[in-house]
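What follows is a single structure, written as structure tokens, with notes after it.
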Amino acid sequence: MPWSSAWSVAGETTSMPIFAGAARCRWVPGALSGLPGQSGVAYEHDLHRVSFARVWTGGTVAPRRLTEPAHPIQDLSHPYEQSFRLRERTGAYFMNLGRTLLFSPGDHARRVERALASPAATVVLDLEDGVAEGAAKEAARATIARALSSTRRTGLFVRVNGTGSPEQAADLAVLAPVLGHVTGIVVPKVESGKEVAQLGERLHEIERDLGIEPGSLLVVPVVETCAGLLAAPGIAAAPRVAALILGVLDLAAELGVSPVAGSGGLDHVRVHLAVAARAARLPAPADGPHPDLEDDEGLRRSSLASRALGFGGRVVLHPRQLEAVERAYAPTADEVLRARRVVEAAAAGAGSLRLPDGTFVDEPVIAWARAVLAETGEVTREHAPA
């Protein structure tokens, strides 16, 4: 689905992405209703004092000049609302990271090579915690730049250093020429939607220089501090955000609790982040890594507990963990069988109904069943809820 992004200042029209996550962003309902065959949402951003929109042109990509809307501008109290409306209308910024997110330190060329060749759903080449300060980070940037220049792997991200830091600026400066080969950026220790918007402005410059579609580089924030957790709704609703990751090790250390799912320490945190993600129309978030690489049974149990708390996958630190994590987050055989029965019963009736075992089934249960079967490929994604 092709999209065009445009903004108008002093009568000039230029391509740019939407900054839909700023706290004082305003939604203008119906501003584009006069454009035949098109739909979109117009915004006015208090920082830039411009109006701009993302418009599906039904086969062509062309910036459109915006006129002043006939409707009064409606102030929004929270960035949730405009992000919700944008995603509801367009499906923009949505992707599923899959069940396994394999992180690989960028300063080990052989590990990077193995990660890129792995069956992980998503690979994240790391420039932050996995790499020591100083010369090691410089070496990691060079290693990742070489790897990106030659790979055709999909589901590929780079974790840069924190927004606003000199290290992140250096990361993006070195990697900019090859970022067209990645799906997006993982950004650590995010504590506000404004941080994501700030990174998005830099990514827009890179997209412009590379000649790629504005907004195509996605952002996956890592929520791993108490401040970040409290700001999770705004972070989830921020521009370019495609999914969330819970940074369990840092957050557990800050709180003085266990990071292991099912242990009670961070279970309420996991539910909170899952709710924030879903409210912003994002997929289920990804959990952090299991802290013990040798604890296979603990990895299995904690992954099952994580899934029960609303997570769709987790960070993996070694390829040997991929199979166990993939199994733990996949629908069980019993769930698939039950989902089939629900969908079959729904196809045969209307409204609320009962299964042969007497279980009451209504629309939420049918939606769950279709989502389960979408994971197995038995129904298509467009017939399953986000």
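Just so you know, all these numbers are worked out from the coordinates, no wet-lab data involved. It should be emphasised that the depicted structure is a prediction, and the values quoted were computed from it without experimental measurement. A quick note on method: Cβ atoms are made from the backbone with ideal geometry, for glycine too, and the neighbour counts reach across all protein chains shown.
Extension gain, Ser118-Ala330: 0.36 nm per intervening residue step, less the Cα-Cα distance, totals 74.5 nm.
Could you pull out the GluC sites (Glu not before Pro) across the range 250-341 that fall in loop regions by DSSP (anything but H, G, I, E, B) with no more than 15 other Cβ atoms inside 10 Å?
Passing sites in the range 250-341 are Glu294.
How large is ³J(HN,Hα), in whole Hz, for each residue of the range 167-179 in order, when computed from phi with the Karplus curve 6.51 cos²θ - 1.76 cosθ + 1.60 and θ = phi - 60°, using x for Gly and Pro? Going residue by residue, I get 5, 5, 4, 5, 4, 6, 5, 6, 8, 3, x, 10, 6 Hz, with x marking Gly and Pro. The label-point distance for Asp357 and Glu133, in a model that sets each label 7 Å from Cα toward Cβ, rounds to 5.7 nm. In this rough spin-label picture, where each label sits 7 Å from Cα along the Cβ direction, the Arg278-Arg340 distance is 2.6 nm. Each residue of the range 100-329 gets 110 Å³ once the volume of the Cα convex hull is shared out per residue.
Ranked for footprinting exposure by Cβ neighbours inside 10 Å, fewest first, Asp250, Asp334 give Asp334, Asp250.
Placing a pseudo-label 7 Å from each Cα along the Cα-to-Cβ vector at Asp296 and Ala227 gives an inter-label distance of 4.2 nm.
In order along the range 106-121, the phi-based Karplus estimate (6.51 cos²θ - 1.76 cosθ + 1.60, θ = phi - 60°) of 3J(HN,Hα) comes to x, 8, 10, 4, 5, 5, 4, 4, 5, 4, 5, 8, 6, x, 4, 5 Hz; Gly and Pro are listed as x.
Annotation: amide H of Thr100 within the under-5 Å range of Ala121, Thr122, Arg314, sequence separation 5 or more or interchain, hydrogens built in the peptide plane.
Residues Ile206, Ile245, arranged from fewest to most other Cβ atoms within 10 angstrom of their Cβ, appear as Ile206, Ile245.
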